[in-house]
Each structure stands twice: as structure tokens, then as C-alpha cells.
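Here is the structure we will look at.
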Amino acid sequence: MTRSEPRPGAARAAATFFLMVGLPGAGKTTLARQLAVEHGALRLTTDDWMIPLFDQVEVDGKRDVLEGRMLWLALEAVRLGTSVVADYGSWSRDERSAIRWLVEAENACFRMIYLPVDDETQRTRIARRWATTPEETLPLSEADILYGRANFEVPDAAELEGLGAGGPPPGWAGWREWAAHRWPSFA
């Protein structure tokens with residue numbers, strides 16, 4: 001028996017996959033750290049890898065590749081009964097729906113945590129983070145902030161209430177196929 005296998009006959013509680021959703025400066029990483037400690041969960045934060053590996057937040061699609069491998073790892077963890085906190089931001093409804101479907105297909109609990117942030121608070125937090133922990137973050141320009149606000153899809157009431165992922169976008173056989181396209185290293 002390997003360390004990752006449960007004892008024969010041992011009941012294992014279903015793992016929980018916490019998906020942090022929101023714009024930069026919303027407080028996702030702070031809450032993700034707390035949730036990881038409270039639930040003994042594996043915390044996966046893309047910037048924790050992008051910064052040391054590439055010294056950038058986005059490098060020629062490498063963020064998508066990294067997120068794909070992190071998603072693969074997260075699903076492996078929940079299969080083994082380990083809870084996960086995924087701190088990606090997950091700006092699009094399709095991303096969130098795909099992740100929800102993939103997690104629920106593993107018989108794990110899915111919990112989306114949306115942290116809204118107003119413009120002034122966001123800018124204050126981003127500036128404070130850059131001033132106090134520059135090694136944990138990269139500067140965000142005005143254009144970056146505006147881009148995020150323009151492209152973030154705010155979760156609606158049904159999504160927040162966890163009413164399921166629904167079907168994939170037109171042209172896709174299923175969420176697994178959509179996810180493999182969205183995050184090239186997922187498959």
C-alpha cells in the first residue's frame with residue numbers, strides 16, 4: 001500500500017475544492033491562505049509559481065499551461081481526499097463552470113468563493129501589496145486594472161447558489177474537452 005491509498009475499509013470524507021473568484025486586490029490570496037490552514041487544504045496560487053519561474057504574471061501563454069497542470073494536480077488531490085484551495089481568479093463563467101463540473105465529476109464538494117472589490121479598495125490594496133510584499137506580486141498598470149474590470153464576468157445568483165455547471169459552450173462535446181483546450185496541459 002502506498003501513502004496515498006486509504007486503509008482498506010476506511011471511510012474517507014469527500015474533499016472540498018475551494019475556487020477563489022475575483023479581481024486582483026479582492027483579498028483572494030489572503031482568504032485562500034486562511035482556508036488552506038482551516039481545512040488542511042493544498043493551496044494552489046498561480047502567481048506563487050509564475051513569479052519565481054518567469055518573473056512575470058503572463059509569459060507567452062505559460063500561465064494557461066501552469067493553470068492546466070495545477071488543475072490536473074488539484075483533481076488528483078481531491079481524488080485522494082485532500083481538499084484544495086485554487087486561487088486563480090477565474091474571470092470567466094466558462095472557466096468556473098468547467099472547474100465545477102470537473103470537481104463534481106470526482107465526487108468532491110465544490111465551493112466557489114467570490115470576493116467583489118470596488119475600484120478604490122482594489123487600487124489601495126494593489127498599491128499596499130506592491131509596497132509591502134513586492135516579492136509576492138508584480139506591479140499592475142492602470143491598463144491591467146482596466147482590462148481586468150472590463151473582462152471579468154461577475155458570477156450571477158444561480159452560479160453563486162451552486163446550481164450546477166450546465167452544459168459546455170456550443171461546439172464542445174463536454175467540459176473535459178473544453179478544459180483541455182482552455183488549459184493545454186490539463187489533459
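Nothing in this text is a laboratory measurement; each read-out follows from the coordinates by a stated rule. Since this is a predicted model, take the numbers as computed values, not measurements. A quick note on method: Cβ atoms are made from the backbone with ideal geometry, for glycine too, and the neighbour counts reach across all protein chains shown.
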> Given the rule -39500 (n - 2.57) for each run of at least 4 DSSP H residues, summed and divided by the residues of the chain, what is its mean residue ellipticity at 222 nm, to the nearest 500 deg cm²/dmol?
Replying inline: -14000 deg cm²/dmol
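What translational D, rounded to a whole number of µm²/s, comes out for region 16-166 from Stokes-Einstein when the hydrodynamic radius is the Kirkwood one over Cα pairs, at 10 °C and 1.306 mPa s?
Answer, rounded: 100 µm²/s.
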> With r defined as the distance between the Cβ atoms of Ser185 and Ala105 and R0 fixed at 30 Å, what FRET efficiency is calculated, to the nearest 0.05?
Replying inline: 0.95
> Where the Cα atoms of region 70-147 are projected onto their three principal axes, how long is each span, largest first, in whole Å?
Replying inline: 40, 26, 17
> Roughly how many Å is it from the Cα centre of region 123-187 to that of region 34-83, as a whole number?
Replying inline: 13
> Can you list the HN-Hα couplings for region 144-160, worked out from phi with the Karplus curve (6.51, -1.76, 1.60; θ = phi - 60°), rounded to whole Hz and with x for Gly and Pro?
Replying inline: 4, 5, 5, 4, x, 4, 6, 10, 7, 9, 5, x, 8, 4, 4, 5, 5
> Could you give the nm distance between label points at Glu76 and Asp118, where each point is 7 Å from its Cα heading toward the beta carbon?
Replying inline: 4.4
>> Sorting check: for 175-184, 141-150, 110-119, 97-106, which peptide has the highest mean count of neighbouring beta carbons within 10 Å, and how do the rest follow?
In response: 97-106, 175-184, 110-119, 141-150
>> With unit charges on the beta carbons (Lys and Arg positive, Asp and Glu negative) and the dipole taken about the Cα centre of region 16-166, which residue among Ile51, Met112, Ser141 sits farthest to the positive side?
In response: Met112
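Just for the chain, what percent of DSSP beta bridges are antiparallel, to the closest 5?
Here the share of antiparallel DSSP bridges comes out near 0 percent.
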> What is the chain's relative contact order, in percent, from Cα pairs under 8 angstrom and six or more apart in sequence?
Replying inline: 34
